[in-house]
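Structure first, commentary second.
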Amino acid sequence: MPGGGTARREYFDHCGAVVCVPLDEEGRVGLIRQYRVPAKELLWEFPAGLRDVAGEHPADAARRELAEEVDLQADELVELGEFYTTPGISNERILYYLATGLSPVPEADRHERTDEEAAIELVWWDLDKALAAVADGEIRNGVCALALNLTRLHLERR
């Protein structure tokens, strides 16, 4: 502990994750609707996944998740930030990326989705509508809400 003391704590040791915000030429964000077992409901979120491939750069993990979950590839990735999700119980750190210059992954190279990923639905949202959906409670995934706000901040600074 800071100051030299000790304390006993239980926490979840996490490998880390990435989130990829697809942004099309019209300025819309690509949100996915995915069933989440712990929440027991369909949630709006962005393509995301674990950093569980040894030696894989986080940007490469973001590209992998974008391809696996929504069959898209990006010409450019911009890092939006890196944040802890729940530092009181986990050391999970997520790196957020904005993906632009999008194009489809060739059919022959597409990932075969299974389990909860098999029914992923990609929907393009106006950024302002998505931010309003956070305020209205339609988007309730905190990682997604932060990604939307980071995207808005990034676009305002350009």
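What follows draws every value from the coordinates through simple rules; no lab data is involved. None of these values were measured; they are calculated from a predicted model. We place every Cβ from the backbone using ideal geometry, glycine too, and count neighbours over all the protein chains shown.
Things to note:
- Within the chain, the longest segment free of exposed loop sites, counting GluC sites (Glu not before Pro) that fall outside DSSP classes H, G, I, E and B and have at most 14 other Cβ atoms within 10 Å, spans 57-111.
- Here the Kirkwood formula, the inverse mean of 1/r across different C-alpha pairs, assigns region 2-55 a hydrodynamic radius of 14.8 Å.
- Convex hull volume of the Cα atoms of region 14-157, normalised per residue: 121 Å³.
- Counting every other Cβ atom within 10 Å of each residue's Cβ, 46, 12, 83 order from fewest to most as 12, 83, 46.
- MRE, 222 nm, helices only [DSSP H, n ≥ 4, -39500 (n - 2.57), over the chain, to nearest 500]: -8000 deg cm²/dmol
- Among the trypsin sites (Lys or Arg not before Pro) in region 113-147, those placed in a DSSP loop whose Cβ has at most 16 other Cβ atoms within 10 Å are 113, 140.
- Nonlocal amide H pairs with residue 14, under 5 Å, H built at 1.01 Å: 91, 92
- The alpha carbons of region 89-158 give a radius of gyration and a Dmax of 15.0, 41 Å, in that order.
- Compared with the dominant principal axis of the Cα atoms in the chain, helix 142-157 is inclined by about 70°.
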